[in-house]
Amino acid sequence: MRLERHQATGIGLLLIHIIAIAAFFPVFFSWSAVLVALILYNVTGIGISLCYHRTLAHRGLRLRTPLEYVAVICGTLALQGGPIEWVSTHRKHHAFSDGDDDPHTMSRGFLWAHCAWLFRRNASMCTPDDVRHYAPDLISVPFYRWVDRNALTLQLALAIALYAFGGWSWVIWGIFARLVVCYHITWAINSVAHMVGYRTFKTTDLSTNCWWLALLSWGEGWHNNHHAFPFSARFGLRWFELDPAWLICRFLRLVHLAHEIKIPSREMLERLRDSALQPKKARTQPAKI
């Protein structure tokens, strides 16, 4: 009997979580493995936040092509899908945020938004037609199509490299423990950041700003800000809203590796903060820096 996609995903996630438990066994513990896991956690997480999300999904900035391709590989190693799959799902989420057609809508509860949408039957998941509709710009690039087809192969290659340099300890921590932590922080953006925190801007969804989640997710926890201005490369929009991925954007601009960086203008910020939802044209004229 052939497994359906959501069933295969559920089995895979379950196995990753079970194997990650081995990280607590003394035989698999080493400080070098913990360090490798921390480094890979941040490298792959930045790949998701900076490249998959801000660069590809929303075009909040442009990266020089060689850097973008390297960052795409880093994001793919977070094992959340290839760039085409990830971007199409995310763009559909924004199109129907917290509505019935949102793949991980909060209207079905915390558990659904957090992770159940991945392994239970989900009519809102992107179909091949949806992928063509939401990500035609990525489908047209051969490199992205190749990465989408080889996401698991790239993860296997990383596992082989970790085993060669550090044995099973590095594999357990650098692959399985890292993935579990990264998964739940990423999933918390879909669940916690649509339930807990404060709202600075008026949006039609349930998005919130959650400071502690932002610290763990390279700035992704400033989620209400992001839903108010999806085009913005900057998510932390006030001085106390620390946004590590934004700091990286600024550095990349300084060394001429990033350009066309978009942020909301002062007028746009005040308009959405102080009054009811504005016409779309009020939010589609970002400032560029």
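Per-structure values
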{"read-out": "Residue-averaged [θ]222 nm for the chain, counting only DSSP H segments that reach four residues, each worth -39500 (n - 2.57)", "value": "-15000 deg cm²/dmol"}
{"read-out": "Gained length - W212 relative to F29, 0.36 nm times residue gap less alpha-carbon distance", "value": "63.1 nm"}
{"read-out": "Listed peptides 35-48, 140-153 by packing density, highest first (mean Cβ within 10 Å)", "value": "35-48, 140-153"}
{"read-out": "Length released on extending from A123 to E270, taking residue separation times 0.36 nm less the Cα-Cα span", "value": "49.2 nm"}
{"read-out": "Candidates I139, I84, I175: whichever shows maximal mean-square fluctuation once the chain is modelled as a Gaussian network with Cα springs under 10 Å", "value": "I139"}
{"read-out": "For the chain: relative contact order, % (alpha-carbon pairs under 8 angstrom, 6 or more apart)", "value": "21 percent"}
{"read-out": "Positive minus negative residues near G45 (Lys, Arg vs Asp, Glu; Cβ under 13 Å)", "value": "+1"}
{"read-out": "Highest to lowest packing among 221-227, 10-16, 208-214, 60-66, scored as the average C-beta count within 10 Å", "value": "221-227, 208-214, 60-66, 10-16"}
{"read-out": "Theoretical gain in end-to-end length, W146 to R64 [0.36 nm per residue, Cα-Cα removed]", "value": "27.6 nm"}
{"read-out": "The stretch 5-288 pair-distance distribution - Cα-Cα, 10 Å bins, rounded %", "value": "7, 28, 37, 22, 6, 1"}
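The numbers here are math on the coordinates, done by the rules we state, and not lab data. This is a predicted model, so every value here is computed, not measured. Note: ideal-geometry Cβ built from the backbone for every residue, glycine included; neighbour counts use all protein chains shown.
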